[in-house]
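A short write-up of the structure that comes next.
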Amino acid sequence: MSSPETDRAYRGLSADERRKDRRSRLVRAAVKLYGARGYANVGVRAICAEAGLTERYFYEAFENGEALAIASFEGIARVLFDNLETAILPHSAPRARLRAALSAWFGLVAAYPDEARFFLKDLDGVSPALEEVRRAVFHRFVALFGRIVGAEPGGSLLEVGAIGGVLEMAVVWMRGGLRIPVDTVVADAERLCSFAFQPQEVRS
């Protein structure tokens, strides 16, 4: 049972709210540093320093650095899918839905470079658990684009390749300093997806 001391509010926040706030600060700090330096080059101390917290609070929130990386990746994925779902809501035609989703995706890459670098950075071999999360997110990405255009569920190799291409386009675009106009990038990605996804209405 919690004591009155642990439940009392501090500066308007309960103990539980403060724990959630510290966890969010750690995730934000991790995403920023992972994006800038790469996962392998960022340790717990650096993340705590960036978040303005001691290591005690890190281990209160996460078992280890791997757990934080997974939480950070999953958090970015949630925001991504929420934005994509919102972007396609006003549209009914497959082509318009595809264009809206791609515009939202590349818009997020440009607006949130730290998150995008971490999300897109090569994390192969970091850990089996993180790799499993990445695979699940990627296949969800493929399934979402298939649903957007009314394709049969399952994801053909062509569709998987197209989404891999869309992700790689974002990597190359960022590497080049985002100098290519977003509309041009979206148009190129749309052409790529149009050849990969059914139905025929989307292909041209």
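Where a number appears in this text, it was derived from the coordinates with a stated rule and is not lab data. Quick caveat: nothing in here was measured; it's all calculated off a predicted structure. Neighbour counts are summed over all protein chains in view; Cβ atoms, including those assigned to glycine, are modelled from backbone coordinates with ideal geometry.
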On each of the three principal axes the extent of the alpha-carbon atoms of the chain, given in whole Å and largest first, is 65, 34, 32
Among GluC sites (Glu not before Pro) in segment 1-110, those in a DSSP loop whose Cβ has at most 16 other Cβ atoms within 10 Å are 63
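Quick one, can you get me the convex hull of the C-alpha atoms of segment 51-167 expressed as volume per residue in Å³?
Numbers: hull volume 14.2 nm³, N = 117.
Measuring per residue, one finds 122 Å³ for the Cα hull of segment 51-167.
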Put in order of increasing Cβ neighbours within 10 Å, starting from the fewest, 127, 14 give 14, 127
Any helix of the chain counts here only if DSSP assigns it H throughout, its Cα atoms span 20 Å or more along the axis, and its mean Kyte-Doolittle hydropathy is at least 1.0, and such helices are 157-175
Residues whose modelled amide H sits under 5 Å from the amide H of residue 14, counting only those 5 or more places away in sequence or on another chain, are none
Proxy exposure order for 48, 193 (fewest C-beta within 10 Å first) is 48, 193
In deg cm²/dmol, rounded to the nearest 500, the helical mean residue ellipticity at 222 nm of the chain, built from -39500 (n - 2.57) for every DSSP H run of length 4 or more, is -23500 deg cm²/dmol
Cα extents of segment 110-178 along the principal axes, largest first, in whole Å, come to 35, 30, 18
